[in-house]
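Please read the structure below before turning to the comments.
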Amino acid sequence: MSQSPFQKFVPKKKNSVIKEEFRQQKKKARKEKNAYFDKLKEDKYQARMALKKGIPNPAASPKNNEAPGKTTSASKSISNAGRSAEKRAEPKSTSNKPQTTNIKSQPGSMPLNKYLAHCGVCSRRDAVALITQGNVKLNGKVFTEPGYKVLESDEVVYNGKKLFVTKNLVYILLNKPKDYITTTDDPQGRKTVLQLIKNATDERVYPIGRLDRNTSGVLLLTNDGDLTQKLSHPSYEIKKIYEVKLDKPLAKSDFDKILKGLILEDGEVRIDSLAYADSKDKSIIGIELHSGRNRIVRRIFEHLGYDVKGLDRVMYANLTKKNVERSKWRYLSEKEVRLLKYMNASKKR
């Protein structure tokens with residue numbers, strides 16, 4: 001008996017073209033939603049600025065079905081926000097020191113350095129330097145206090161551009177080659193990792209941590225300030241695995257010394273595991289550790305008299321460079337991002 005009458009009860013499989021169409025529709029909807037909230041935020045800001053300057057705002061006027069002279073709760077909240085902004089903007093003294101008004105945690109507030117990180121300017125650590133050097137203006141005045149709590153009503157300007165918190169977060173995994181430095185720019189004109197991902201996004205992303213110029217392998221770049229802070233903090237003990245190529249075979253005695261722990265110029269260093277990557281060539285070593293100290297892998301072997309000829313990071317935070325050729329990149333999946341955000345959460349101090 002023919003099976004054709006039953007075909008209408010069998011669900012059709014979605015091919016790759018249809019799946020890609022659904023993905024594009026979701027992406028478009030997400031962009032439209034973000035644009036809507038950006039416009040809503042800008043409208044609220046303009047309303048507060050209008051109230052601050054004493055200009056009546058038609059959007060804040062009472063509705064037709066309300067009695068004249070009756071103030072709505074929305075207009076009250078905007079008016080209160082405007083008065084709060086004026087009060088905080090008034091100088092408390094005639095000294096040249098920056099204002100450091102202590103504001104307890106309020107809804108929608110965050111430290112100024114964290115605000116810059118969420119706007120995609122740089123990491124929180126780098127933002128501290130930008131702020132203390134006087135490169136950031138808050139409500140029209142130079143501000144040098146990184147921990148100052150920024151409210152939604154505040155205007156933050158960097159390099160003459162008003163900043164808004166980034167909603168379109170980007171996560172990129174790069175298989176870094178040699179001869180590229182891990183910085184956003186270089187005064188000496190050397191090649192940077194951002195040149196390799198220039199077509200990946202229009203958002204301003206920055207690398208998490210650093211790899212030496214002659215070190216290759218897994219490198220993450222993002223504009224997510226919270227994730228950058230987490231993966232960079234020693235308390236989370238983010239795992240890293242390197243493949244090391246030495247100028248000569250690693251002796252068994254030195255192998256044991258590394259496993260027991262070494263005392264370097266900046267203190268003791270302990271690794272998680274050590275192994276010969278190639279049983280026939282004992283100059284190729286695999287090393288796993290969670291320390292983020294500067295040039296730590298090279299200094300371990302140089303301390304014992306070895307010259308590191310090649311260093312490649314094959315794993316970082318459980319992410320590998322599988323299926324990513326040298327100098328190429330890919331976006332992280334939603335699952336990978338979710339795992340990163342909850343990685344080693346129990347280790348937080």
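The values are calculated or read from the model by the stated rules, or taken from the named source; none is laboratory data. Everything numeric in this text was worked out from a predicted model, so none of it was measured. We place every Cβ from the backbone using ideal geometry, glycine too, and count neighbours over all the protein chains shown.
Suppose we filter segment 158-177 for residues that are in a strand (DSSP E or B) and either modelled with pLDDT of 90 or more or surrounded by fewer than 16 Cβ atoms within 10 Å (Cβ to Cβ) (or both); how many remain?
Going through segment 158-177, the residues in a strand (DSSP E or B) turn out to be 158, 161-162, 171-176.
With the extra rule that they be either modelled with pLDDT of 90 or more or surrounded by fewer than 16 Cβ atoms within 10 Å (Cβ to Cβ) (or both), the set shrinks to 161-162, 171-176.
So the count comes out to 8.
Of the residues that make up segment 175-188, is at least one touching a Pro at 6+ places or on another chain (Cβ under 6 Å) and either among the hydroxyl-bearing types (Ser, Thr, Tyr) or over 26 Å from Leu116 (Cβ atoms) (or both)? Let's see the steps before the verdict.
If we filter segment 175-188 for residues that are touching a Pro at 6+ places or on another chain (Cβ under 6 Å), which is where we start, we get 182.
Filter once more, so that each one left must be either among the hydroxyl-bearing types (Ser, Thr, Tyr) or over 26 Å from Leu116 (Cβ atoms) (or both): 182.
For segment 175-188, residues touching a Pro at 6+ places or on another chain (Cβ under 6 Å) and either among the hydroxyl-bearing types (Ser, Thr, Tyr) or over 26 Å from Leu116 (Cβ atoms) (or both): present.
Within segment 204-312, which strands (runs of 3 or more DSSP E) (wholly inside it) include 1 or more residues that are free of Cβ contacts under 8 Å to residues at least 60 places away in the same chain, surrounded by fewer than 19 Cβ atoms within 10 Å (Cβ to Cβ) and not β-branched (Val, Ile, Thr)?
On the way: elements: 215-222, 240-246, 262-264, 267-269, 273-278, 281-289.
Here the list reads 262-264, 267-269, 273-278, 281-289.
Residues of segment 140-156 being hydrophobic (A, V, I, L, M, F, W, C), assigned to a strand (DSSP E or B) and over 20 Å from the mean Cα position of the chain (by Cα), which ones? If you could, list the steps in order and put the result at the bottom.
Taking segment 140-156 first, the residues hydrophobic (A, V, I, L, M, F, W, C) are 142-143, 150-151, 156.
Now narrow it down to the ones that are assigned to a strand (DSSP E or B): 142, 150, 156.
Across segment 140-156, the qualifying residue is only Val142.
Provide a single number: the residues in segment 108-134 that are buried (at least 20 other Cβ atoms within 10 Å of the Cβ) and outside any helix (DSSP H, G or I).
Final tally of qualifying residues: 5.
With within 25 Å of Arg326 (Cβ to Cβ), among the small types (Gly, Ala, Ser) and touching a helix residue (DSSP H, G or I) at 6+ places or on another chain (Cβ under 7 Å) as the only criterion, which of Gly189, Gly209, Gly217, Gly225 stands out?
Working: Gly189 fails: touching a helix residue (DSSP H, G or I) at 6+ places or on another chain (Cβ under 7 Å); Gly217 fails: touching a helix residue (DSSP H, G or I) at 6+ places or on another chain (Cβ under 7 Å); Gly225 fails: within 25 Å of Arg326 (Cβ to Cβ).
Step by step, each of Gly189, Gly209, Gly217, Gly225 is checked, and only Gly209 is within 25 Å of Arg326 (Cβ to Cβ), among the small types (Gly, Ala, Ser) and touching a helix residue (DSSP H, G or I) at 6+ places or on another chain (Cβ under 7 Å).
Checking Lys137 against (1) more than 20 Å from the chain's Cα centre (by Cα); (2) part of a loop (DSSP other than H, G, I, E, B), which single condition isn't satisfied?
Going through the list (1) more than 20 Å from the chain's Cα centre (by Cα); (2) part of a loop (DSSP other than H, G, I, E, B), Lys137 breaks only (2).
If Leu339 satisfies all but one of (1) within 27 Å of Tyr171 (Cα to Cα); (2) in contact (Cβ under 8 Å) with a residue 40 or more places away in the chain; (3) part of a helix (DSSP H, G or I); (4) among the hydrophobic types (A, V, I, L, M, F, W, C), what's the number of the condition it fails?
Single failed check for Leu339: (2).
Which one of these is hydroxyl-bearing (Ser, Thr, Tyr) and either in contact with a strand residue (DSSP E or B) (Cβ under 8 Å, 6 or more places away or on another chain) or closer than 20 Å to Leu219 by Cβ (or both): Tyr342, Tyr316? It would help to see each step written out before you state the result.
Details: Tyr342 fails: either in contact with a strand residue (DSSP E or B) (Cβ under 8 Å, 6 or more places away or on another chain) or closer than 20 Å to Leu219 by Cβ (or both).
Going through Tyr342, Tyr316 in turn, just one is hydroxyl-bearing (Ser, Thr, Tyr) and either in contact with a strand residue (DSSP E or B) (Cβ under 8 Å, 6 or more places away or on another chain) or closer than 20 Å to Leu219 by Cβ (or both): Tyr316.
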